[in-house]
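Here the structure is laid out as structure tokens; the discussion comes afterwards.
The values are calculated or read from the model by the stated rules, or taken from the named source; none is laboratory data. This structure is a prediction, so every number in the text was calculated from the model and none was measured. Here the Cβ positions follow ideal geometry from the backbone for every residue, glycine too, while neighbour counts run over all protein chains shown.
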């Protein structure tokens, strides 16, 4: 047993030794700053989309703004709350974290000795010349404890543990990214429904106006004061509006179906009254910060870095495979030729069997595994850099859109007013016999197009603000000022929840 103590002490001294390469975070392959000038130079302040004073973020970063503070529509707030409880994709993400936690604990357990209670009964026959017992064949009964332990001199098991830990943390960040994405998806889909409602109203108003014009031209034709050409021109507007109405009704129903899928249940009947599309009053002046801030604010980037750390740790395990494996097996118990004599005096037995296994010829497997580990690390470096580039592009796109939508909407509002005034004048001239019906037709078509473009621009502005909030890392906390949850925090889903007693791994830093 003294030898075992010496070996255990040596193992303890080498416990921190691994062959993992020194990790160095790759440089961010993007500019040090977001684009400047042009469309980026006209970022909005705390104003609504109509130029009226609105709410301000007051310089607070997106990650510190709760989604209940970003959204003011009570109906949307409740829909987000329902989705966070019911969405099945998010539930799978949480369960994946539980699975990764269990896998980490399985891998980590290999660092400790395994102790088992063993009971055996063996029947043996030996050659007569080697016989030492009165019976041949004879039975041998054994009961006791058996322990086995691989001493991790070269850090192979430790590297595998580090790899499993990084994979667990990566899965936790993936869950966080999924939750943030769900918040923005619900908001985008809800805003799309509001836009569909506005388009339906525009189309219905256009259809009513067109129908009234058609009735007038038809009556004039029936009395001989109008032409069939005017009737047919008026009819085209009616039929086109009728076709658009059916299309908009279909789009509205499908948008609601998509929202139902996101929240995981039918729309509740007791939802609070919502706000119209042009009154959402989202925070439009959230500061973008620097591209380097995204490394700590975007969970998808942190997920990619944890995958890179896992690949780096795997290299250590592949390197350690070239060196000897030292394992200890020990047993202590009682042994007897008869079952009844197992616990009599003089039946104590023990064994101690150190073993060293040195790889000599593996058919190139160890070399190939090391080459594969290096290739996988290069792949994860590329994935990490791509995650940074994608995040940079999402924020830059959002800033470009945020710098142009307000002016676009204001121009479309003026265009809509001008088209409405043009239609009124065209109808007046037609009724007084100054012009044919063609100018009226053109004015109706132009107004309808301008109204649809205005709704689309309003939707684009609101969804862009939501997506920019997500791209900057917002949506993880519910209320501004609260302490963010850990990415691997358990979630209570009631009867379908993940086990509330599950805890994070004992070690989270390597």
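Which of the numbered conditions does residue 359 fail, given that it passes all the others? Conditions: (1) more than 30 Å from residue 308 (Cβ to Cβ); (2) outside any helix (DSSP H, G or I); (3) within 44 Å of the chain's Cα centre (by Cα).
Checking residue 359 against (1) more than 30 Å from residue 308 (Cβ to Cβ); (2) outside any helix (DSSP H, G or I); (3) within 44 Å of the chain's Cα centre (by Cα), the one that fails is (1).
On the given criteria, is residue 463 closer than 30 Å to residue 204 by Cα, under 21 Å from the mean Cα position of the chain (by Cα) and at pLDDT 90 or above?
Here the answer is yes, as residue 463 does meet what is asked.
Give the range 433-451 a look and list any residue that's in contact (Cβ under 8 Å) with a residue 60 or more places away in the chain, touching a helix residue (DSSP H, G or I) at 6+ places or on another chain (Cβ under 6 Å) and under 29 Å from residue 404 (Cα atoms), or say none.
Matches in the range 433-451: 444, 447, 448, 451.
Taking the range 172-218 as the region of interest, how many residues are modelled with pLDDT of 95 or more and over 26 Å from residue 279 (Cα atoms)?
Within the range 172-218, residues that are modelled with pLDDT of 95 or more and over 26 Å from residue 279 (Cα atoms) number 7.
Answer with yes or no whether residue 229 is over 19 Å from residue 443 (Cα atoms) and either surrounded by fewer than 16 Cβ atoms within 10 Å (Cβ to Cβ) or in contact with a helix residue (DSSP H, G or I) (Cβ under 9 Å, 6 or more places away or on another chain) (or both).
Against the criterion (over 19 Å from residue 443 (Cα atoms) and either surrounded by fewer than 16 Cβ atoms within 10 Å (Cβ to Cβ) or in contact with a helix residue (DSSP H, G or I) (Cβ under 9 Å, 6 or more places away or on another chain) (or both)), residue 229 does not qualify.
Name the residues in the range 258-304 that are within 23 Å of the chain's Cα centre (by Cα), under 24 Å from residue 480 (Cα atoms) and assigned to a loop (DSSP other than H, G, I, E, B), would you?
Answer for the range 258-304, where residues must be within 23 Å of the chain's Cα centre (by Cα), under 24 Å from residue 480 (Cα atoms) and assigned to a loop (DSSP other than H, G, I, E, B): 282, 283, 286, 287, 288, 289, 290, 298.
Yes or no: residue 372 in a helix (DSSP H, G or I), surrounded by fewer than 16 Cβ atoms within 10 Å (Cβ to Cβ) and in contact with a helix residue (DSSP H, G or I) (Cβ under 9 Å, 6 or more places away or on another chain)?
yes
Quick one: what pairs do we get from the range 213-236, first residue on the phi < 0 side of the Ramachandran plot, second exposed (fewer than 13 other Cβ atoms within 10 Å of the Cβ) and in a helix (DSSP H, G or I), C-beta under 9 Å, 6+ apart or different chains?
Close Cβ pairs (under 9 Å, with a partner that is exposed (fewer than 13 other Cβ atoms within 10 Å of the Cβ) and in a helix (DSSP H, G or I)) amount to 216/431; 221/228; 225/219; 226/219; 234/215.
If you check residue 10 against the conditions, is it surrounded by fewer than 16 Cβ atoms within 10 Å (Cβ to Cβ), more than 30 Å from residue 458 (Cα to Cα), more than 31 Å from the chain's Cα centre (by Cα) and modelled with pLDDT of 85 or more?
no
Got a number for residues in the range 48-97 being over 17 Å from residue 469 (Cβ atoms) and modelled with pLDDT under 90?
Final tally of qualifying residues: 4.
Have a look at 474, 460 and point out the one that is under 29 Å from residue 255 (Cβ atoms), without any contact (Cβ under 8 Å) to a residue 60 or more places away in the chain and either part of a loop (DSSP other than H, G, I, E, B) or in contact with a helix residue (DSSP H, G or I) (Cβ under 9 Å, 6 or more places away or on another chain) (or both).
Result: 460 is the single residue among 474, 460 that is under 29 Å from residue 255 (Cβ atoms), without any contact (Cβ under 8 Å) to a residue 60 or more places away in the chain and either part of a loop (DSSP other than H, G, I, E, B) or in contact with a helix residue (DSSP H, G or I) (Cβ under 9 Å, 6 or more places away or on another chain) (or both).
Might you check whether a residue that is in a helix (DSSP H, G or I), closer than 30 Å to residue 487 by Cβ and touching a residue at least 12 places away in the same chain (Cβ under 8 Å) occurs anywhere in the range 334-350?
Looking for residues that are in a helix (DSSP H, G or I), closer than 30 Å to residue 487 by Cβ and touching a residue at least 12 places away in the same chain (Cβ under 8 Å), one finds none in the range 334-350, hence no.
Only one residue in 194, 140 is in contact (Cβ under 8 Å) with a residue 60 or more places away in the chain and over 30 Å from residue 343 (Cβ atoms). Which one?
Answer to the check: 194.
Which condition from (1) touching a residue at least 12 places away in the same chain (Cβ under 8 Å); (2) part of a loop (DSSP other than H, G, I, E, B); (3) over 40 Å from the mean Cα position of the chain (by Cα) is the one that residue 330 breaks?
Of everything listed in (1) touching a residue at least 12 places away in the same chain (Cβ under 8 Å); (2) part of a loop (DSSP other than H, G, I, E, B); (3) over 40 Å from the mean Cα position of the chain (by Cα), residue 330 misses just condition (2).
Any residue that is assigned to a helix (DSSP H, G or I), in contact (Cβ under 8 Å) with a residue 12 or more places away in the chain and more than 30 Å from residue 235 (Cβ to Cβ) - is there at least one of those in the range 416-432?
Among the residues of the range 416-432, not one is assigned to a helix (DSSP H, G or I), in contact (Cβ under 8 Å) with a residue 12 or more places away in the chain and more than 30 Å from residue 235 (Cβ to Cβ), which makes the answer no.
Out of 294, 275, report the one residue that is in contact with a helix residue (DSSP H, G or I) (Cβ under 9 Å, 6 or more places away or on another chain), surrounded by fewer than 17 Cβ atoms within 10 Å (Cβ to Cβ) and touching a residue at least 12 places away in the same chain (Cβ under 8 Å).
Of 294, 275, the one residue that is in contact with a helix residue (DSSP H, G or I) (Cβ under 9 Å, 6 or more places away or on another chain), surrounded by fewer than 17 Cβ atoms within 10 Å (Cβ to Cβ) and touching a residue at least 12 places away in the same chain (Cβ under 8 Å) is 275.
Taking only pairs six or more apart or across chains, which ones have beta-carbon atoms under 7 Å, a first residue in the range 26-54 that is more than 22 Å from residue 458 (Cα to Cα), and a second residue that is part of a loop (DSSP other than H, G, I, E, B) and at pLDDT 90 or above?
Pairs that qualify, where the first residue is more than 22 Å from residue 458 (Cα to Cα) and the partner is part of a loop (DSSP other than H, G, I, E, B) and at pLDDT 90 or above, are 33/290; 34/288.
Only one of (1) in a loop (DSSP other than H, G, I, E, B); (2) under 26 Å from the mean Cα position of the chain (by Cα); (3) surrounded by fewer than 19 Cβ atoms within 10 Å (Cβ to Cβ) is not met by residue 381, so which one is it?
Of (1) in a loop (DSSP other than H, G, I, E, B); (2) under 26 Å from the mean Cα position of the chain (by Cα); (3) surrounded by fewer than 19 Cβ atoms within 10 Å (Cβ to Cβ), only one is false for residue 381: (1).
Only residues that are part of a helix (DSSP H, G or I) and more than 55 Å from the chain's Cα centre (by Cα): list them for the range 216-257, please.
Listed by number, the residues that qualify are 216, 217, 218, 219, 220, 221, 222, 228, 229, 230, 231.
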